[in-house]
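Notes follow once the structure below has been shown.
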Amino acid sequence: MKFLMTETSVMEEIETVTKEELGLLEQYIEDSLPKLLDFAIDVILAVVVFAIGSRVIKWLVKIVKNSMTRANIEQGVLTFISSLIRYVLYFVLILIILSQFGVTASSVIAVLGSAGLTIGLALQGSLSNFAGGVLILLLKPFVVGDYIIENADKQEGTVAEITIFYTKLLTVDNKAIMIPNGTLSNSSIVNVTAMKKRRLDMLFGVAYDSDIKKVKEILERVAIGDEAIIKDEPTNVFVSELKDSYVEVGARGWVKKEDYWDAKWRITENVKLEFDKEGISIPFPQVEVTMKSN
């Protein structure tokens, strides 16, 4: 009988504790529910604000681009400023969203200021690229549309975009190369198309028994006489060097930059055809070996 009374009292104590815990849980849920609802509403508002803000930013950037296009702003400057405006506006948008959660702009700026050294070290490469982009726009070693060769990594292509951190090149086979602006501003660059005209140097090897006068006549007629050669510019047909296996002859003239490659390929083909027609051979590398008997 004593054991049954003890077991009954234990059960009653457990029920009492369980009721107290359930009551505390209910009270906690009742106290926390408004806060959870407020947080959920803040998250939904943040998503809505970000979606609307993104559309507004795109609209503003588009307006700026159209305005600068009508003002005939250089394409590289237009792209750079558009990228800068986009980043600034997104930063402002993030501050607005953070304010929905009680974070003030002054708090963000204070945190950024106190962590300035760490952030500066972390963003050292990005800041270098930003500064490089500004230098590119100010000094104009190239503009959008130029064909450049970057000598640090031997990358080359046509400049498609100059953004706030990177410059985009398109290769001749339409591959995109993204080069950091800091790399471009700190390395030597060959701007192939900076000038309106380019000198076309053509070199050919002919056999030693060839009639050099006839060879020079062919080059004068076929190479210098090509339609792409600018007639008002100086031209030359010359014997360049006496090589081990052949005589190197050349022709030199000026062409418009947009005609360079077409002219080079066309002249090379036409000279070869004319050499074949006139019986002028282009020898393979040769080595003469003399054997002496004992």
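The values are calculated or read from the model by the stated rules, or taken from the named source; none is laboratory data. Owing to the predicted nature of the structure, the values given are computational and were not obtained by experimental measurement. Every residue, glycine as well, gets a Cβ built from its backbone with ideal geometry; the counts of neighbours run over all protein chains shown. The area values use the complete protein model at the heavy-atom level, side chains included, leaving out ligands, DNA and RNA. Shrake-Rupley method; radii C 1.70, N 1.55, O 1.52, S 1.80 Å.
Applying the selection to the stretch 164-187, what residues are within 22 Å of L127 (Cα to Cα), open to solvent by less than 70 Å² (accessible area, probe 1.4 Å), touching a strand residue (DSSP E or B) at 6+ places or on another chain (Cβ under 9 Å) and touching a residue at least 12 places away in the same chain (Cβ under 8 Å)? Result: F165, T167, L169, I177, I179, P180, N181, T183, L184, S187.
Yes or no, residue by residue, for (1) in contact with a strand residue (DSSP E or B) (Cβ under 7 Å, 6 or more places away or on another chain); (2) in contact (Cβ under 8 Å) with a residue 60 or more places away in the chain; (3) open to solvent by 80 Å² or more (accessible area, probe 1.4 Å):
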| residue | (1), (2), (3) |
| --- | --- |
| L203 | yes, no, yes |
| K214 | no, yes, no |
| G253 | yes, no, no |
| K277 | no, no, yes |
| M291 | no, no, yes |
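Being within 28 Å of R198 (Cβ to Cβ), in contact (Cβ under 8 Å) with a residue 24 or more places away in the chain and small (G, A, S) is a description that does not apply to G225. Would you call V159 assigned to a strand (DSSP E or B) and open to solvent by 30 Å² or more (accessible area, probe 1.4 Å)? It is false that V159 is assigned to a strand (DSSP E or B) and open to solvent by 30 Å² or more (accessible area, probe 1.4 Å). Does F50 satisfy being touching a strand residue (DSSP E or B) at 6+ places or on another chain (Cβ under 7 Å), of a type outside the set (G, A, S), at pLDDT 65 or above and in a helix (DSSP H, G or I)? When the stated conditions are applied, F50 does not pass them.
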